[in-house]
Every structure is written in structure tokens, then in C-alpha cells.
């Protein structure tokens, strides 16, 4: 018997079992690797986002939605610039938009720049400290005509940078020093300005916690000079309540909403009453309305309506796989059916419309605009604005659609109780560890911990546990158990899993006499962004397996790298 494989316009053809040339090459995969990150709405109501392009060396570019159907999206970022923050190493929150004005973090020097959409001459807003001072998660402050942002300062201690909330002027043509607004804690995120009053909300937390372990939501009141004169802890300050508030947002009426997991253990949407200081859930549900803040700029919900008459919130929930509308008046919740099975970012663009980023088994990662009916109870239009792969349809004949499967031991989607099952059990109960070991290989947990960057400095302490557990879960300590060939790929600028982890494993396997190969990439960090490196990695993985298994052939135009103890 033979499998039947597609053959373009001629229909299907027959090929023998074994190896045959696939039309889905490494070049096809690497070319389809564009990603989108961060949403904002420009003054004309069109979407602006960051697009990372592997074919352009992994450069991240601000893109504005086309003016109409069939139109071409506009590249906002001129050549010589790239929109990417390195704050907390994972970045995110690299830009903000107000009207036609953009403020963004430039990748090479990490300075903030101001640019008018359509003008290819960005102007610097911050001094040239070099990439040791980083900015992220900024917002415009309409009361004092400035830009408020997270600042991460590595100038005095690269392994333990100082994180603060600062204000940067945007109207003065001369570059000036920042104004300090909030400082003293280890980490800050989500500085958000009330559009109706001179006050700001933010999230902060301290080591050894991650933001999803324990954090606090504060509101600070500005004096006439724009300084914080007093502040109130809205959530996270009661020692009897374990919670991790996140994603504060002000409505156009000056109401503060946020997401927290107090008492129920699930991240639900709450509202703060300024007069009583009480916080109440809008709708309690055993589902997650947010996710761990690995990157800045997460947006899981937004307010529908532009006339202050709508009390409805559109949001994503439960493993980021669903979209719903929450009615504040009736406290009801209604699921909105859309073609995506996984949803990440949401931003509202009008009275009944919003943009979402998502994907499904049949749709690649895409940005879609969703329009609701007048009652805001169902989607009447779902249109794709951007797709990571424009030509995926021509390969559909080769895909086998998977059944949707949920794995309850992942870090998010099932509440605090499930998240905390990983504490002291990392590498034991987590079903994703097998994939993580292959994708981000860790040889020695102790050396990984010693060289860890500030954001995750104490993270694995909670996940692994005591010193003995560090030893027992480090493969480098059990070289005698190594029994299979390994190929390693490592970004030399990776500050999350440092290059020495790969070299330790490589040397240990080589010394034992097993086949092993190591590929190191200049200019790559935690995950590869350049198309040529993505392509090379996929090809060499295939060649490595083909040569060692010896049961299938590979294209003749792929030159294999040297395999130690084999060649």
C-alpha cells in the first residue's frame, strides 16, 4: 500500500512509503515565520502593530492597517530603526500611539523616539545611554503632555538593574533627562493614566515572586507638578489574601478595572470603588481572563462603546482560547463565536468592533477585525487584517488537522492551584518539559540559576526547590545515562538560557563518544528570529536524523554539518 499525496492542479499522486520530497520546505516554513506583537489604535481608527520579519534579519517594524479592503498596509518604521524593547529580556510593550504620534523603543540603542505616522524622521526623546537603559509599556499622559513608561537601568549593575516608572517629555525638541515617578520596588508594569483625573494605576512586585505569584495594584495621585503626592494600594496589600492583580485599565469615565485571582484562584475581571475602597468581581467564573506576564503590553480585554453608554467589556478567557462579552449592568457573560481556537491580544476600535490576534487548526496566526451586532451579542463580521502566512492554502492538502487537546499542567489557563502544582516540581509533573528541554536545553540548573537575569532571578528557586533537587534535575550530573545522539542550536546573545548550557552538554556527550553537533548563531537570543537561521536549523535537524537513522534521504542541495564521533 502507498500513501496518496497531493500533486498541485493534477489532483493526487501515489508515492511509496519511506522518504519523498515534501513541498513544505524549510524555506517555506522560515518565510512564513512573521509574528505580530502589541496593538494600538491610530487617530483614524486603524490598527497599528509590531511585525517581526525573519527575512529582514528578524527586524521588528511598526505596521498600520490598510485604508480599505484590498489596500496595502503601511510600514511606519523607516529603515535604520527597529521597534523592540529588551526590558526584562523578553521585551514587549515597545510602542504606544496617540492620534498620529508614535513613541517607540528602538532596538539597537534602546532609546525612546517620537515619530509622526507618515514621517520617516523619528526624533529621540531620551539620552543616548546605549542599550543599558531600556523602556517598555509606556503610555501618553494627557494631563502633563508627557510619556510615562517603565525604565530598566543597567548602568550600575547589569545583573540587578533598577526598575522604575518615569516620565519623559514629548513636546520639547531638546532631549532631556527623565522625571522619576515611582521607585523602590523590584519590578513595575502597566502604568496607566486615568483620562479624567490626574492619577495613575500601576502593578508592582518584588523578588522572589514572579508577577503571577504575588503582586500589588496601586493608584497614585499627581500634584500640580506631575509628581505622585499620595498613593493607595487597591489590591495585593492584604496579607491574608494571596493574589496577583494585573492589567489595570481606566474606562473613559474614570472607572478602574483590573484582573486578579483573589479567593477563587482564577484571574477574573474586577472593578474598584474609589469611595468605599472595595473591589468586586464583575462576573465570577472558573476561567482565566489573563495570563502570566512574560512580556510587557499584554491586553486581554477592552471597553466596548465610544459614547459612555455601553457597560460591556470584550475579553479573552480560558487558555486564551475564547472571546466573550461581559455586561456590567446585568452581570451576565456571553461567549462570542469566532473561527479562532486560540486568542492572545484584544484591542477595541469602536462602538461595536475590536481587533484580536489568534489562530486555529486551519488558520495561521492572524489579526482579525470583529464587528458585533447592535446588541453586542454576536459577531456579524470577521475579517482577516494580517496573516503570518499568506500562502498557507496551497499546502492544506498536506495537513492533518489535529483534535483540540488541553493539558492541565501548563502554567496558565486553569487557575492558581494548577499553576502552583509546578512549585518544587519543575521537571517532574510538567508535561511541557519534554518540549522545553528540546527547544531551550538546560544542562545545569545551578549554573543557570547563578547567571539568571533579574526578571527570573528567583523563578526556578520556587519551581525546583532545594539544593539537592537542583542537582538531581541537572542532566550534566548524570552523563553516564546519556545514550542518544544530540544536535544543539544556540543563540550566542541568549540571556535567558546562556550559551554555556549548550557547550556543557556538547562537551559531555562528545567526551562520552556519542554523535553530537553544536550550531551557534551570532546575533540570536532566546528563540531565533532570522529567516536564514530558522531555515538552517530545520534543514540540519532533518539531515542529522537522516544520517543517523539512515532510513530516508534529504535534498541534495543541503550540506550537512560535521557530527562529532560520527564523521
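Read-outs throughout are calculated quantities, based only on the coordinates presented, and are distinct from any laboratory measurement. What you see is a predicted model; the values in this text were computed from it and never measured. Note: ideal-geometry Cβ built from the backbone for every residue, glycine included; neighbour counts use all protein chains shown.
If the chain linking residue 519 and residue 373 were pulled fully straight, counting 0.36 nm for each residue of separation and taking away their Cα-Cα distance, it would gain 47.3 nm. The distance separating the Cα centre of the stretch 250-304 from that of the stretch 532-567 comes to 49 Å. Pairwise alpha-carbon distances in the stretch 236-379 exceed 20 Å for 46% of all pairs. With the simple spin-label model, which puts each label point 7 Å out from Cα in the Cβ direction, the residue 382 to residue 532 separation comes to 4.0 nm. Distance from the C-alpha centroid of the stretch 182-234 to that of the stretch 317-392: 30 Å, rounded to the whole angstrom. With 10 Å bins beginning at zero, the pair-distance distribution over Cα atoms of the stretch 16-112 amounts to 14, 40, 27, 10, 7, 2 %.
Put the Cα centre of the stretch 165-180 next to the Cα centre of the stretch 499-516 and the gap is 49 Å.
Using the 10 angstrom Cβ neighbour count as an exposure proxy, how do 300, 159, 251 rank, fewest first?
159, 251, 300
Note: the stretch 181-284, Cα convex hull, 99 Å³ per residue.
Over all directions, how big on average is the projection of the convex hull of the alpha-carbon atoms in the stretch 135-202, in square nanometres?
On the way: hull surface 19.2 nm².
If I average the Cα hull's projected area over directions, I get 4.8 nm².
Based on alpha-carbon atoms, the Kirkwood radius and the radius of gyration of the stretch 299-390 give Rg/Rh equal to 0.96.
Using a simple spin-label model with pseudo-atoms 7 Å out from Cα toward Cβ, residue 286 and residue 180 lie 4.8 nm apart.
Rank by packing, highest mean first: peptides 521-530, 253-262, with packing defined as the count of other Cβ atoms within 10 Å averaged across residues.
Values: 521-530: 17.9, 253-262: 20.1.
Result, highest mean Cβ count within 10 Å first: 253-262, 521-530.
Note on residue 123 and residue 145: with the Förster distance fixed at 22 Å, the Cβ-Cβ geometry gives a FRET efficiency of about 0.90.
Please give the length that would be gained between residue 561 and residue 483 if that part of the chain were fully extended, namely 0.36 nm times their separation in residues minus their C-alpha to C-alpha distance (nm, one decimal). Write out the running numbers ahead of the final one.
Values: separation 78, 0.36 × 78 = 28.08 nm, distance 2.11 nm.
Stretched out fully, the residue 561 to residue 483 stretch lengthens by 26.0 nm.
The stretch between residue 44 and residue 553 holds 177.8 nm of extra length on full extension. This uses 0.36 nm per residue minus the Cα-Cα distance. Take the stretch 62-195, compute every pairwise Cα distance, and split them into 5 Å bins from 0; I just need the percent in each bin. Per 5 Å bin, starting at 0, the Cα pair percentages come out as 2, 11, 20, 24, 20, 12, 7, 3, 1, 1, 0.
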